[in-house]
Amino acid sequence: MKIATWNVNSLTVRLPQVLDWLAANPVDALCLQELKLSDDKFPLQALEAAGYQSAVFGQKTYNGVAILSRSPARNVVKNIVGFTDEQSRVIAATLDMPGGELRLVNGYFVNGQSPGSDKFAYKMKWLDGLRAWLQQELAAHPNLVLVGDFNITADDRDTFDPEGLRETIHHTTEERAHFKALVKLGLTDAFRMFEQPEKSYSWWDYREFAFRRNRGMRIDYILVSDALKPKVASCTIDKQPRKNERPSDHVPVVVELDSL
DNA sequence: ATGACGGTGTGGCACCGA
């Protein structure tokens, strides 16, 4: 069983690339972020023709998340329960998989602009809300996967310039403390369960040939619950789509799980 | 470097992302 996450930075622009990727990578579920479209503009039929059902929480221009899956999504929740949010950043669903059910939580975490800004304060509040809610979700659903664009580098290995970017956005002690707090709930960064190439990133700026120079950050994650940890067979970053014409600035992360 | 690139909505640009 394979689950993937991909910030597509506009599904309108990237739909052909998503369809191509799914044809080459027939995962059981694909979690998307930054759809940048409203629900009525979501390409339900094109994805259905590709074999995927969709649970969608869209928003015009900004944000927007979806879970594409081969089996139907049940018990769909939009946004963080107990945290009022104007923005469409979270969708959760239960999927029936071989051997049991899997709870998927897909998040487009707040960017935060810069430490000290109003947006950074919103990021901290949002992360507080997410953690409180996830604690309940984990209690109700032992087989849980938290995926998405976290907009945090978990540690210095996850950024091309740990010294130069120290305490800047995505690198602050506060953001990393939030990442650690999520881990402390009983979640594990699947990517770091395995030996990985040095300087592995999931995002590169469009500017200054950042991809070619591998000046990136690993900000897209798949975290698995304690019950799922023994089932994790692999976790990889697929850099291939970043080589496409008009690529997203993020690439997919894929986890492989043994049957539940 | 108040920059760079790319997406959106609208517009002859501004705002946002990371």
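Please treat every number below as a calculation from the coordinates, not as lab data. These numbers were taken from a predicted model, which means no experiment stands behind them. Backbone-built Cβ (ideal geometry, glycine too); neighbour counts: all protein chains shown.
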Open item on the list: Criterion first (surrounded by 15 or more Cβ atoms within 10 Å (Cβ to Cβ), within 16 Å of DNA strand B (Cβ to nearest atom), part of a loop (DSSP other than H, G, I, E, B) and in contact (Cβ under 8 Å) with a residue 24 or more places away in the chain) does residue A:37 satisfy it?
Closed with: yes
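Can you say whether residue A:5 is touching a residue at least 60 places away in the same chain (Cβ under 8 Å), β-branched (Val, Ile, Thr) and within 15 Å of DNA strand B (Cβ to nearest atom), as far as the supplied structure shows?
Values: touching a residue at least 60 places away in the same chain (Cβ under 8 Å): yes; β-branched (Val, Ile, Thr): yes; within 15 Å of DNA strand B (Cβ to nearest atom): yes.
The answer is yes for residue A:5.
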Open item on the list: Testing residue A:83 on (1) under 15 Å from the mean Cα position of the chain (by Cα); (2) away from DNA strand B (no atom under 16 Å from the Cβ), one condition comes back false. Which one is that?
Closed with: (1)
Task: All positions within the range A:97-138 that are free of Cβ contacts under 8 Å to residues at least 12 places away in the same chain and within 19 Å of residue A:203 (Cβ to Cβ) - done: A:119
Open item on the list: Looking only at the range A:204-238, how many residues end up being within 16 Å of DNA strand B (Cβ to nearest atom) and in contact with a strand residue (DSSP E or B) (Cβ under 9 Å, 6 or more places away or on another chain)?
Closed with: 15
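Mind checking which residues of the range A:89-110 are in contact with an Asp or Glu (Cβ under 9 Å, 6 or more places away or on another chain), of a type outside the set (Phe, Trp, Tyr) and within 13 Å of DNA strand B (Cβ to nearest atom)? Walk me through it before giving the result.
Of all residues in the range A:89-110, those in contact with an Asp or Glu (Cβ under 9 Å, 6 or more places away or on another chain) come to A:92, A:94-95, A:97, A:99, A:102-103, A:105, A:107-109.
Remaining after also requiring of a type outside the set (Phe, Trp, Tyr): A:92, A:94-95, A:97, A:99, A:102-103, A:105, A:107.
Correct list: A:107 only.
Of the residues in the range A:123-169, how many are of a type in the set (S, T, N, Q) and closer than 27 Å to residue A:258 by Cα? If you could, list the steps in order and put the result at the bottom.
So in the range A:123-169, the residues of a type in the set (S, T, N, Q) come out as A:135-136, A:143, A:151, A:153, A:159, A:168.
Checking the rest, the ones that are also closer than 27 Å to residue A:258 by Cα come to A:135-136, A:143.
The number of residues fulfilling the criteria is 3.
Residues are listed down the side, and each one gets a yes or a no for (1) touching a residue at least 24 places away in the same chain (Cβ under 8 Å); (2) at positive phi; (3) surrounded by 21 or more Cβ atoms within 10 Å (Cβ to Cβ):
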{"residue": "A:16", "(1), (2), (3)": "no, no, no"}
{"residue": "A:67", "(1), (2), (3)": "yes, no, yes"}
{"residue": "A:85", "(1), (2), (3)": "yes, no, no"}
{"residue": "A:95", "(1), (2), (3)": "yes, no, yes"}
Task: Residue selected from the range A:197-242 under the condition closer than 17 Å to residue A:7 by Cα and acidic (Asp, Glu), by the criterion surrounded by the most Cβ atoms within 10 Å (Cβ to Cβ) - done: A:220
